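The values are calculated or read from the model by the stated rules, or taken from the named source; none is laboratory data. Just so it is clear, the structure is predicted and the values come from calculations on it, not from any experiment. Positions of Cβ are generated from backbone atoms using ideal geometry, with glycine treated the same way; all protein chains shown enter the neighbour counts.
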């Protein structure tokens with residue numbers, strides 16, 4: 001965000017609650033940032049179209065320049081420009097099959113529950129296939145709660161893929177807030193907790209829940225409320241992975257940044273209003289493009305080097321590495337907006353006031369009591385090199401859930417992986433997922 005002197009008065013307008021300014025004025029300025037982003041995108045569009053044509057021109061087998069170093073370099077430059085200025089849409093899970101006992105089984109992705117801000121997706125295997133290929137083998141129902149933190153649920157494609165062969169998998173598919181009309185109302189942290197609880201109730205008794213990253217506190221809160229209410233749909237087990245249950249422990253750079261400034265700073269500098277022509281026009285959001293900018297700025301050199309390597313690989317014709325680059329950035333650069341109220345409440349309650357580990361978190365005025373959880377099993381997973389949720393932040397769930405019997409607690413730290421490696425990649429497939437699988441089965445005994 002700009003920090004020049006001339007912007008300071010304008011930024012103060014955004015902080016309507018703190019400064020008691022007219023909300024209409026605040027919303028007018030909030031729209032400016034997003035409008036500037038949309039304008040820049042529109043301005044670059046013709047150049048992007050030219051780059052796309054240029055890339056095809058210098059790859060055309062009928063063009064003699066295609067076979068020269070200069071031609072390959074120009075094609076690569078056009079390709080990189082087009083890729084870095086494009087707006088990336090919501091990716092697909094693209095998991096049409098899974099392997100069970102060495103045999104391919106068709107998988108159908110189906111929406112089974114829907115609400116204004118989320119769908120519940122079911123990865124439905126061909127009828128009877130699991131029973132035929134794994135007779136007398138457990139096939140537990142698992143709800144994977146994806147983070148609502150800027151990226152789509154498809155970021156957990158590898159997580160779903162790893163769980164599919166031996167589990168009946170469902171996942172939360174959070175909706176881009178800029179596409180949700182204003183008449184749908186707001187979406188708060190309390191609503192997130194309600195959605196998790198409603199999905200678990202829909203799936204029914206015996207469901208196992210897995211919270212990946214950001215949703216850990218909300219899932220733990222939902223489970224605690226269900227346990228206290230003796231809800232028959234209370235999860236059979238809960239797996240929390242790389243999550244800020246207590247962000248005071250081993251604080252990382254994002255944790256420190258969240259505490260360095262008051263909530264009013266985030267309200268002034270991180271919130272904007274969705275502009276026309278999006279269907280959520282007028283909704284106050286934390287824009288996905290701002291979160292993406294933050295992500296990239298944390299590892300700017302790595303991303304610059306990755307694109308330079310991509311450029312060189314295009315020139316060399318290294319198809320494998322260029323495809324890997326495209327697949328990663330097609331996912332990484334696809335971002336969604338988050339409602340302002342959910343974003344600010346998460347900063348406030350989870351990262352600044354740490355209400356859950358202090359025993360002070362309330363859901364619609366009701367105190368959340370993790371100590372009421374007694375029946376369900378609890379597993380936490382952390383990455384040794386996690387630079388988002390430091391060691392101990394997820395482990396804190398065990399102390400909060402102290403009334404779960406000792407033999408139903410499992411804490412696992414995966415050596416050699418960062419945040420992303422906790423739920424994706426080789427270590428997830430070969431070392432973490434088998435432990436999660438065994439934990440879920442042991443909780444069914």
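Looking only at residues in region 284-323 that are in contact with a strand residue (DSSP E or B) (Cβ under 8 Å, 6 or more places away or on another chain) and in a helix (DSSP H, G or I), the one that is nearest to residue 337 (Cα to Cα) is 288. Condition check: closer than 21 Å to residue 156 by Cα and modelled with pLDDT of 95 or more. Does residue 399 satisfy that? For residue 399, the condition - closer than 21 Å to residue 156 by Cα and modelled with pLDDT of 95 or more - is not met.
As a summary of the residue check, residue 80 satisfies the conditions (1) modelled with pLDDT of 70 or more; (2) farther than 20 Å from residue 333 by Cβ; (3) in contact with a helix residue (DSSP H, G or I) (Cβ under 9 Å, 6 or more places away or on another chain) except for the one numbered (2). Inclusion of residue 275 among residues that are assigned by TED's automatic domain parsing to the domain that holds residue 151, surrounded by 15 or more Cβ atoms within 10 Å (Cβ to Cβ), within 30 Å of residue 185 (Cβ to Cβ) and in contact (Cβ under 8 Å) with a residue 40 or more places away in the chain is not warranted.
Mind telling me which of the residues 177, 227, 222, 247 ends up being in contact (Cβ under 8 Å) with a residue 60 or more places away in the chain, within 25 Å of residue 112 (Cβ to Cβ), in contact with a helix residue (DSSP H, G or I) (Cβ under 9 Å, 6 or more places away or on another chain) and crowded, with 23+ Cβ neighbours inside 10 Å? That would be 177, the only listed residue that is in contact (Cβ under 8 Å) with a residue 60 or more places away in the chain, within 25 Å of residue 112 (Cβ to Cβ), in contact with a helix residue (DSSP H, G or I) (Cβ under 9 Å, 6 or more places away or on another chain) and crowded, with 23+ Cβ neighbours inside 10 Å.
Go through the residues of region 145-158 one by one and say whether even a single one is on the phi > 0 side of the Ramachandran plot and in contact with a helix residue (DSSP H, G or I) (Cβ under 9 Å, 6 or more places away or on another chain). Yes.
The criterion of being more than 22 Å from residue 147 (Cα to Cα) and assigned by TED's automatic domain parsing to the domain that holds residue 413 does not hold for residue 234.
Of all the listed residues (435, 364), the sole one being within 24 Å of residue 234 (Cα to Cα) and out of contact with any strand residue (DSSP E or B) (no Cβ under 7 Å at 6 or more places or on another chain) is 364. Quick one: which helices (runs of 4 or more DSSP H) sit completely within region 334-445 and have at least 3 residues that are surrounded by fewer than 20 Cβ atoms within 10 Å (Cβ to Cβ)? It comes to 433-443. When region 112-129 is filtered for residues that are surrounded by fewer than 12 Cβ atoms within 10 Å (Cβ to Cβ) and in contact (Cβ under 8 Å) with a residue 24 or more places away in the chain, nothing remains. Taking region 46-74 as the range and being in a loop (DSSP other than H, G, I, E, B) and surrounded by 12 or more Cβ atoms within 10 Å (Cβ to Cβ) as the test, the residues that pass are 58, 59, 60, 63, 68. Every test in (1) in contact with a strand residue (DSSP E or B) (Cβ under 6 Å, 6 or more places away or on another chain); (2) farther than 24 Å from residue 274 by Cβ is passed by residue 340 save one, and that test is (2). When 384, 399, 345, 431 are checked against the criterion of being assigned by TED's automatic domain parsing to the domain that holds residue 174 and closer than 27 Å to residue 261 by Cα, a single residue qualifies: 345. From the list 162, 185, 206, the one residue that fits, being surrounded by fewer than 18 Cβ atoms within 10 Å (Cβ to Cβ) and either in contact with a helix residue (DSSP H, G or I) (Cβ under 8 Å, 6 or more places away or on another chain) or within 30 Å of residue 129 (Cα to Cα) (or both), is 206.
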